[in-house]
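Note sheet for the following structure.
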Amino acid sequence: MGKVLKINDDSVDVSIIVSMYNEEESLGLFFEKINEVINNNLKYSFEIICIDDGSIDGTYEKLCEFAKKDTKVKIIKFSRNFGKEYGMMAGFKYCNGKCAIPIDVDLQDPPHLISEFIEKWNEGYDMVYGIRIDRKSDTLLKRLTAKMFYKIYNLLTKSPIPYNAGDYRLIDRKVINAILSLNEKNIFMKGIFGWTGFKSVGIKYIREKRSAGVSKWNYWKLWNFALDGITASTTFPLRVWTYLGGLLSLSGMFYAFYIILRTIIKGIDVPGYASLLVFILLLGGIQMVILGIIGEYVGRIFLEVKNRPIYIVENKVNFRDEE
Ligand code: UDP
Ligand code: MG
């Protein structure tokens with residue numbers, strides 16, 4: 001596994017990884033709750049890796065204040081907003097822990113679960129993921145679309161995502177290294193977690209409402225996220241047309257045969273304008289959809305081939321020099 005980084009501070013047991021974008025309002029309460037957890041688990045040494053994903057409010061300044069008071073708090077500042085998935089990737093790359101826990105800063109992932117995660121980790125699990133049993137804090141439409149996405153994703157891919165599992169989980173160093181060994185740019189973290197394998201267990205929890213601020217997601221973003229997820233994990237949408245196309249050609253041949261026979265038996269028959277138009281429109285439409293799907297993949301191949309870095313780090317705080 002070529003790209004795995006050497007660990008600079010092997011005294012750290014647990015790395016908490018928090019990606020944040022414009023979260024100055026949520027920060028204070030978050031650190032309060034996380035420190036409670038840390039104080040309840042004094043057997044372990046913690047670090048809190050905060051990724052400032054290009055915030056344009058006072059998030060970074062506020063983070064620096066916390067980092068000044070507490071060297072456990074480490075900051076990676078991105079040069080612009082790259083997205084939570086990439087924030088998490090940076091967290092995995094720069095973390096030192098024997099395990100890592102990605103968590104949201106808005107306290108929708110209850111920090112008290114961390115103690116349970118660690119307990120299961122001690123029992124020998126390499127991945128302990130949270131399962132949201134109650135998504136009442138999400139709107140009905142979001143819950144329905146999420147459910148549909150999990151259904152479709154799991155139908156199409158070989159490494160299914162446990163239903164209602166999010167990014168909130170504990171992963172062992174083994175899993176971190178497996179994730180870091182990937183070379184792809186379009187990272188669908190939920191899918192990747194499952195793809196790595198390893199001994200896993202789920203813990204149920206109730207997803208809370210946001211502590212402050214507003215969600216950064218809208219339906220258009222979610223739709224694109226779902227597309228990224230599916231195209232990153234399966235080529236089924238490309239392959240299915242081979243079979244559907246085959247079926248259409250076959251029925252076309254039968255129909256042609258029928259028309260030839262009918263012409264021979266009954267003579268030439270001119271009507272058929274409407275059905276002809278319908279068929280042309282239908283086929284034209286299907287072909288465009290197929291082209292669109294191929295385009296989705298080609299676009300992603302283009303992005304992968306360009307091989308750009310997935311994020312740019314502008315600044316790091318509280319890391320050792322060589323990190
Ligand atoms: N986030 C991020 N970069 C982004 C958008 C969001 O790092 O571009 C962080 C955000 O600050 C929060 C987490 O990702 O810690 C989850 O975001 P949010 O609460 O908006 O999503 P939701 O909980 O509604 O799915
Ligand atoms: Mg949230």
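The values are calculated or read from the model by the stated rules, or taken from the named source; none is laboratory data. What you see is a predicted model; the values in this text were computed from it and never measured. With ideal geometry, Cβ positions are generated from the backbone for all residues, glycine too; neighbour counts draw on all protein chains shown. Side chains included, ligands, DNA and RNA excluded: accessible areas come from the protein's heavy atoms. Shrake-Rupley method; radii C 1.70, N 1.55, O 1.52, S 1.80 Å.
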Query raised in the report: Say we look at region 11-63 and pick out the residues that are charged (D, E, K, R) and in contact (Cβ under 8 Å) with a residue 60 or more places away in the chain; which of these is most open to solvent (accessible area, probe 1.4 Å)?
Result: Glu25
Query raised in the report: Taking region 187-211 as the search range and keeping residues that are away from ligand 1 (no atom under 14 Å from the Cβ), assigned to a loop (DSSP other than H, G, I, E, B) and surrounded by fewer than 17 Cβ atoms within 10 Å (Cβ to Cβ), which one is farthest from the chain's Cα centre (by Cα)?
Result: Lys199
Query raised in the report: From the residues in region 212-239 that are more than 20 Å from Met189 (Cβ to Cβ) and within 10 Å of ligand 1 (Cβ to nearest atom), which one is most open to solvent (accessible area, probe 1.4 Å)?
Result: Val214
Query raised in the report: What number goes with the only condition from (1) open to solvent by 60 Å² or more (accessible area, probe 1.4 Å); (2) farther than 29 Å from Lys306 by Cα that Glu184 does not pass?
Result: (2)
Query raised in the report: How many residues does region 86-112 contain that are more than 13 Å from Ile51 (Cβ to Cβ), away from ligand 1 (no atom under 15 Å from the Cβ) and either of a type in the set (A, V, I, L, M, F, W, C) or crowded, with 21+ Cβ neighbours inside 10 Å (or both)?
Result: 3
**Report entry** Options Gly124, Gly83: the member that is open to solvent by 10 Å² or more (accessible area, probe 1.4 Å), out of contact with any Ser or Thr (no Cβ under 7 Å at 6 or more places or on another chain) and within 15 Å of ligand 2 (Cβ to nearest atom)
**Finding:** Gly83
